[in-house]
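Take a look at the structure set out below.
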Amino acid sequence: MPATPSAIPGGKTASGERTAPGVRIGGLTVVYRTPAGELPAVSGVDLDLPPGTITGVVGESGSGKSTLALSLLNAVQPPGRISAGSVEIDGLGDVVALRGEDLRRARGRHVGYVFQAAQNSLNPLKTVGRQLLDLGRSHGVGDLRALVREAGDLLGRMGLDGARVLDSYQHELSGGMRQRVGIMFALVLNAHLVVLDEPTTALDMITQATILRIIREVHEERGLTTLVITHDLGVVAEVADRLAVMYGGRLVEQGPTRQVLGDPRHPYTRGLIQAIPRLVGDIGEARALPGRPPTLATIPARGCVFRERCPLRMDVCESEHPPAVAHGARLVSCHAVEAVTAGARKEQA
Ligand SMILES: Nc1ncnc2c1ncn2[C@@H]1O[C@H](COP(=O)(O)OP(=O)(O)OP(=O)(O)O)[C@@H](O)[C@H]1O
Ligand SMILES: [Mg+2]
């Protein structure tokens, strides 16, 4: 294990052990500068990651998932910027306010991160092992041998030959191998908050299942708080305790995964679930969601962001953004949620 960092996120138990940090994202808005001015890719997002849980964020391409994930590290790059809100991480405070060296230390050491397309983010001129040593040194890890051992163990658990992979250059590894190297880098510094952006997209189904099991195992062994970003509902169904559904930069529904997937209340969540083709049976059963998700330029500035594609659209959806309303253990942002709930009751009866 790498040496324990001095400033540690999360509370501590009586014996001084680390515990998983809680995260509270409040009113987060992230804008990108475009020819038409600054436009929001993430709008007023409120999301708690309870300590020790795996939260999944799902949504179609362009819904703002990666932008939200980058905000957890205050790593949104120009032409983007966080224009409002806060990301409170236990032990670190509001990362939106962190700058310079504090921010650099927080990344990697406190927040482990797999970038989307991690398979393309390795340095082509250095072996994986060399990059691991660079990472360890830049974070002041005392025992580099232990760090290499830990990396080898993690790679081994993910079905790779650790020593061989550490000795390899990027071009000697397949896309799926590189993706697992990315996951290793997110976990190897023993951060207790881990953010995985599309961690399994380059993997075949069987390897994906193995990797998801390992993410879950490591999460539990180490007592992590984990955020998994994906467009794949199957991935979150498998791995996430809680689920947040994103559309046009807004969270439209969030709650315990089983409830959200088993009894979706937002028309968009229902559409997403109905659009999944079944592995067995009539492929015609899957009903693609009509229309396309909005781009930054077409996200409506007023009213509900989903209304153009919504089968339950009402007049109020044009003018008023639906507030998040609690329905049992979940939050739903929809003016028509009562109609959906009544419909779900009728279906069950
Ligand atoms: N550097 C940038 N400049 C301008 N617009 C951007 C930039 N990065 C992202 N966007 C826009 O912000 C919106 C959200 O992008 P983001 O990458 O967060 O979506 P995503 O949900 O992660 O999509 P995907 O599933 O394809 O990864 C999109 O409309 C995208 O075009
Ligand atoms: Mg993305």
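Any read-out appearing in this document is the output of simple, stated calculations on the displayed coordinates, not a laboratory observation. Just so it is clear, the structure is predicted and the values come from calculations on it, not from any experiment. Here the Cβ positions follow ideal geometry from the backbone for every residue, glycine too, while neighbour counts run over all protein chains shown.
From the list G328, G291, the lone residue that is surrounded by fewer than 16 Cβ atoms within 10 Å (Cβ to Cβ) and within 16 Å of ligand 1 (Cβ to nearest atom) is G291. With respect to the conditions (1) in a helix (DSSP H, G or I); (2) under 28 Å from R330 (Cβ atoms), V165 falls short on a single one, namely (2). Does the stretch 59-86 hold any residues that are away from ligand 2 (no atom under 16 Å from the Cβ) and within 17 Å of R250 (Cβ to Cβ), and which are they? Those that are away from ligand 2 (no atom under 16 Å from the Cβ) and within 17 Å of R250 (Cβ to Cβ): I82, S83, A84, G85. Is it the case, given these coordinates, that A339 is over 29 Å from G52 (Cβ atoms) and surrounded by 12 or more Cβ atoms within 10 Å (Cβ to Cβ)? Against the criterion (over 29 Å from G52 (Cβ atoms) and surrounded by 12 or more Cβ atoms within 10 Å (Cβ to Cβ)), A339 qualifies.
This table checks each residue for (1) over 22 Å from P199 (Cα atoms); (2) among the basic types (K, R); (3) touching a residue at least 60 places away in the same chain (Cβ under 8 Å).
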{"site": "G64", "(1), (2), (3)": "no, no, yes"}
{"site": "R107", "(1), (2), (3)": "no, yes, no"}
{"site": "Y113", "(1), (2), (3)": "no, no, yes"}
{"site": "K126", "(1), (2), (3)": "yes, yes, no"}
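Give the stretch 103-162 a look and list any residue that's aliphatic (A, V, I, L, M) and either assigned to a strand (DSSP E or B) or in contact with a Ser or Thr (Cβ under 9 Å, 6 or more places away or on another chain) (or both), or say none. Selection gives V111, V114, A117, V128, M158.
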